[in-house]
1. Return the pairs, sorted by first residue and then second, in which the second residue is among the charged types (D, E, K, R) and part of a helix (DSSP H, G or I), the first residue lies in the stretch 35-60 and is free of Cβ contacts under 8 Å to residues at least 60 places away in the same chain, the beta carbons are less than 6 Å apart, and the residues are 6+ apart or on different chains.
2. Being surrounded by 13 or more Cβ atoms within 10 Å (Cβ to Cβ) and either within 21 Å of Arg35 (Cβ to Cβ) or basic (Lys, Arg) (or both) is the filter here, so list the residues in the stretch 60-83 that pass it.
3. Does Ala92 fit the bill of being without any contact (Cβ under 8 Å) to a residue 40 or more places away in the chain, surrounded by fewer than 13 Cβ atoms within 10 Å (Cβ to Cβ), under 18 Å from Ala5 (Cβ atoms) and of a type outside the set (Asp, Glu)?
4. Just to verify a result, which residue in the stretch 5-51, among those that are more than 17 Å from the chain's Cα centre (by Cα) and outside any helix (DSSP H, G or I), is surrounded by the most Cβ atoms within 10 Å (Cβ to Cβ)?
5. Which of the residues belonging to the stretch 62-79 are out of contact with any Gly (no Cβ under 6 Å at 6 or more places or on another chain), of a type in the set (Asp, Glu) and in a helix (DSSP H, G or I)?
6. Tell me yes or no: at least one residue of the stretch 61-77 is among the basic types (Lys, Arg), out of contact with any Ser or Thr (no Cβ under 8 Å at 6 or more places or on another chain) and modelled with pLDDT of 95 or more.
Amino acid sequence: MLAEALVALAAAGGTAVAQAAGTDAWESLRQRVARLLGRGIPERERTELERLDRTAADVEAAGDGETERVLVGQEAAWRTRFETLLEEAGDAERQEIAIALRELVEQVRQVQSRGGGVSGNTFHGPTAVQVGDHNRQDNSFGPGT
């Protein structure tokens with residue numbers, strides 16, 4: 001049985017994987033999760049990469065009204081994988097896994113906290129988009145500008 005803190009960490013890891021699918025954090029996170037769950041065995045890492053790719057495809061394919069359900073399912077699936085990893089590890093290895101899992105969660109939090117990203121939008125006509133802090137943008141559209 002895992003300590004409550006490790007169960008919470010596994011849940012945070014599952015949430016991080018689901019929320020990162022399709023974002024700027026995905027490629028880096030995908031590789032790190034595969035290494036962590038693959039435990040240094042190339043074939044296991046490839047299997048985890050395939051699972052991660054299915055996760056991203058499922059999240060991206062979710063239609064209107066389905067996204068939340070898909071995310072909840074993916075969060076639960078990855079939480080379970082992280083819990084199993086932690087349960088099967090010895091004490092010393094469990095500590096290393098916990099550290100790596102905390103770093104994964106923090107990586108996703110940092111990318112999300114940057115915010116301001118623009119994704120999945122359709123623009124018709126002149127468009128100006130600006131992302132960042134303390135920026136200035138002057139736009140003029142149309143004739144005579």
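1. As it stands, the answer is Leu37/Glu48; Gly38/Arg44; Gly38/Glu45; Gly38/Glu48; Leu52/Arg30, since those pairs meet every condition given.
2. Gln74, Glu75, Ala77, Trp78, Arg79, Thr80, Arg81, Phe82, Glu83
3. Here the answer is yes, as Ala92 does meet what is asked.
4. By that ranking, first place goes to Arg39.
5. Glu68
6. no
The values are calculated or read from the model by the stated rules, or taken from the named source; none is laboratory data. No experiment lies behind these values; they were computed from the predicted model shown. Every residue, glycine as well, gets a Cβ built from its backbone with ideal geometry; the counts of neighbours run over all protein chains shown.
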